[in-house]
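The values are calculated or read from the model by the stated rules, or taken from the named source; none is laboratory data. Note that this is a predicted model, so its numbers are computed, not measured. All Cβ positions, glycine included, derive from the backbone under ideal geometry; neighbour counts span all protein chains shown.
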Amino acid sequence: MRVAVFSTKPYDRDFLSAANAADGHDLTFLEPRLSPQTASLAAGAEAVCAFVNDDLGAPVLAELARSGVRVVALRSAGFNHVDVAEARRLGLAVVRVPEYSPYAVAEHTVGLILALNRKIHRAYNRVREHNFALTGLLGFDLHGRTVGVVGTGKIGVCVARILAGFGCRVLASDPYPSDEALAAGVTYVPLKELLAESDVVTLHCPLTPDTQHLIDAERIGQMREGVMLINTSRGALVDTQAVINGLKSGRIGYLGLDVYEEETELFFEDLSDRVLGDDDFSRLNTFPNVLVTGHQAFFTEEALHNIAGTTIAHLTAFERGGPDAVTGPARVC
Ligand code: NAD
């Protein structure tokens, strides 16, 4: 299959090329993000391969369908950036990688919790300047603390297991409680109770119209004074302005983000020579108790290997088996 691969970085090229060695698809690696301005780069391709910040809204899908694309293979689990109804209407198949390494994201989540708690980001800078003072670096034992996991799917369950191993009491909220989470010792409670009782709240539910700004000013008001809030899921689960206000008032004592509401214009690029125009992002980075990573929770060897392998397998299945060759949770539409 001729495949236009958008938002390609050197690591995508390496892992996809290796996965494709036996299958021999004709992969064209394109650096630009997919957008209305770049969709024409897919001309002549039967498939498009896209990542989390590519634009798969109605105008782009229409352009892709017009140029002969039949399948969109997402190199991600999340598909909140796809206009699924429009893809269906146009007869475009959309597939994703529903599971590639929940451990990667869960371990990064716990990394943020530990770094924020023990102020490792600040200690790193201090020691490099030969400042060995401990004042301001006081942490707390995670053992015995209460952690609230919002969303106990594949990643949330991994997080719950790791934190149960630390000796935390783990509360969870999910409209579909999981046996695996219960087996890990999780107690399901309504979201309001989870927010009121948790020292750490960590988000692992998908972004949907229902979960947009799930964490807003009202919900922040229901949290414990000095709570640690972690979001490694999708930026728009959190109302950024409300979180900034929560940090200013002290209600939020720590904030760890791997995703950001307006990340599309920022993440995955080296902007170190530019002046950033995003005042909210700049404000977040002024707080000593905020730690932001640029959507890297998925970024492990195992995850990239699995993403590439599954993506190539999907393309091969389409080529050999036709439009209904991929089914189950991998099939978005
Ligand atoms: P999953 O589908 O296995 O689990 C999601 C869970 O959220 C489900 O159990 C679902 O019932 C629950 N849920 C839905 N609405 C909810 C709500 N309102 N309140 C509480 N729970 C709710 O997904 P997953 O593989 O665990 O991934 C979770 C999210 O992590 C993805 O949607 C994606 O956005 C994000 N993600 C981020 C990265 C990263 O690199 N930062 C990588 C992969 C996935």
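In region 74-89, what residues are under 11 Å from V60 (Cβ atoms) and either among the hydroxyl-bearing types (S, T, Y) or away from the ligand (no atom under 14 Å from the Cβ) (or both)?
D83, E86, A87
Run down V159, V147 and say which single residue is closer than 30 Å to P329 by Cα, part of a helix (DSSP H, G or I) and touching a residue at least 40 places away in the same chain (Cβ under 8 Å).
Exactly one of V159, V147 is closer than 30 Å to P329 by Cα, part of a helix (DSSP H, G or I) and touching a residue at least 40 places away in the same chain (Cβ under 8 Å), namely V159.
Can you name every one of the helices (runs of 4 or more DSSP H) wholly within region 1-101 that holds 3 or more residues which are out of contact with any Phe, Trp or Tyr (no Cβ under 9 Å at 6 or more places or on another chain), touching a residue at least 60 places away in the same chain (Cβ under 8 Å) and more than 23 Å from D270 (Cα to Cα)?
10-20, 84-90
I'd like the residue in region 157-205 that is hydrophobic (A, V, I, L, M, F, W, C) and surrounded by fewer than 21 Cβ atoms within 10 Å (Cβ to Cβ) and, out of all such residues, is nearest to Y254 (Cα to Cα).
So the residue we want is A196.
Looking at G294, G322, G253, which is the one that is surrounded by fewer than 21 Cβ atoms within 10 Å (Cβ to Cβ), modelled with pLDDT of 95 or more and more than 16 Å from the ligand (Cβ to nearest atom)?
After ruling out the rest, the residue left standing is G253.
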